[in-house]
1. Between segment 63-101 and segment 121-183, what's the alpha-carbon centroid distance in Å?
2. Would you kindly give the portion of the calculated P(r) for segment 120-259 that falls above 27 Å, as a percent of all Cα pairs?
3. As a test of the formula, what do you get for the chain when each DSSP H run with n ≥ 4 contributes -39,500 (n - 2.57) and the sum is divided by the residue count, at 222 nm and rounded to the nearest 500 deg cm²/dmol?
4. Calculated FRET efficiency, residue 44 and residue 258, Cβ-Cβ r, R0 35 Å, to nearest 0.05?
5. In whole percent, what relative contact order does the chain give with Cα contacts below 8 Å and a gap of six or more residues?
6. Does a label point 7 Å from the Cα of residue 249, set along Cα-to-beta-carbon, have any residues of segment 212-227 with amide nitrogen under 14 Å, and which are they?
7. Please list 92-102, 129-139, 199-209, 146-156 highest first by mean number of surrounding beta-carbon atoms within 10 Å per residue.
8. Label 7 Å along Cα→Cβ of residue 240; segment 85-124 residues with amide nitrogen under 11 Å?
């Protein structure tokens with residue numbers, strides 16, 4: 001069995017997830033690239049991993065489904081023999097941006113199932129596997145990272161379901177950090193701001209104006225998936241060993257309150 005560290009990245013085929021996968025491969029990780037539907041995109045990012053000299057294993061799984069979550073963990077252990085890092089990244093935007101006085105339950109249930117319930121219970125499964133592997137001497141100091149959003153604390157009344165899910169992820173990080181510290185598993189929340197991806201493409205003009213003309217962020221540029229990837233690598237390469245439950249803002253300074 002290889003001693004190379006192995007990571008799971010959910011939603012790893014596109015956008016922020018792809019940036020994380022490539023960054024981890026560059027840092028020496030083998031990576032399980034989880035995707036929901038876009039197999040072609042997953043294969044492309046898998047080739048990028050292999051071009052960096054690391055192994056990629058592609059797993060189609062819908063994190064909102066219990067059986068798929070279990071299969072994702074089982075396939076990771078089968079492929080690489082270990083789970084050193086879980087990155088909960090998979091997420092979706094609302095079906096429709098609707099005022100919270102009008103929004104329906106179907107969209108809410110879908111979004112919360114993928115964005116909150118999925119990572120909550122995937123973390124549970126991965127943590128159990130990590131504890132078992134620690135006890136057997138397979139690995140030391142595994143880590144769990146959840147990618148949330150500035151929407152965890154920023155109220156957008158036309159996408160309340162998204163904000164509620166991200167706020168839930170923030171508490172999930174605190175809970176698992178408190179529970180897993182005794183096992184030597186540190187847990188982190190990385191909170192991106194406005195990142196240039198397919199999800200933000202439809203609102204590009206709006207955010208261009210807010211960033212470049214109105215100073216929404218002190219650092220006046222769009223974030224890139226690689227910005228988030230670098231933050232994950234900092235955690236993955238043991239640069240924050242005395243931190244757990246930590247929120248790492250990758251948002252150009254959006255979180256600052258200035259006068």
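1. Cα centres, segment 63-101 to segment 121-183: 12 Å.
2. Counting every Cα pair in segment 120-259, those more than 27 Å apart make up 28 percent.
3. Per the formula, -12500 deg cm²/dmol.
4. Plugging the Cβ-Cβ distance into 1/(1 + (r/R0)^6) gives 0.30.
5. Reported relative contact order: 20 percent.
6. Counting only backbone N, you get 216-220.
7. Details: 92-102: 13.7, 129-139: 15.3, 199-209: 11.9, 146-156: 19.5.
Ranking, from highest mean packing down: 146-156, 129-139, 92-102, 199-209.
8. none
Only the coordinates and a few stated rules stand behind these numbers; no lab work does. Because the structure is predicted, anything quoted here is derived from the model rather than measured. Here Cβ is always computed from backbone atoms with ideal geometry, including for glycine, and neighbour counts include all displayed protein chains.
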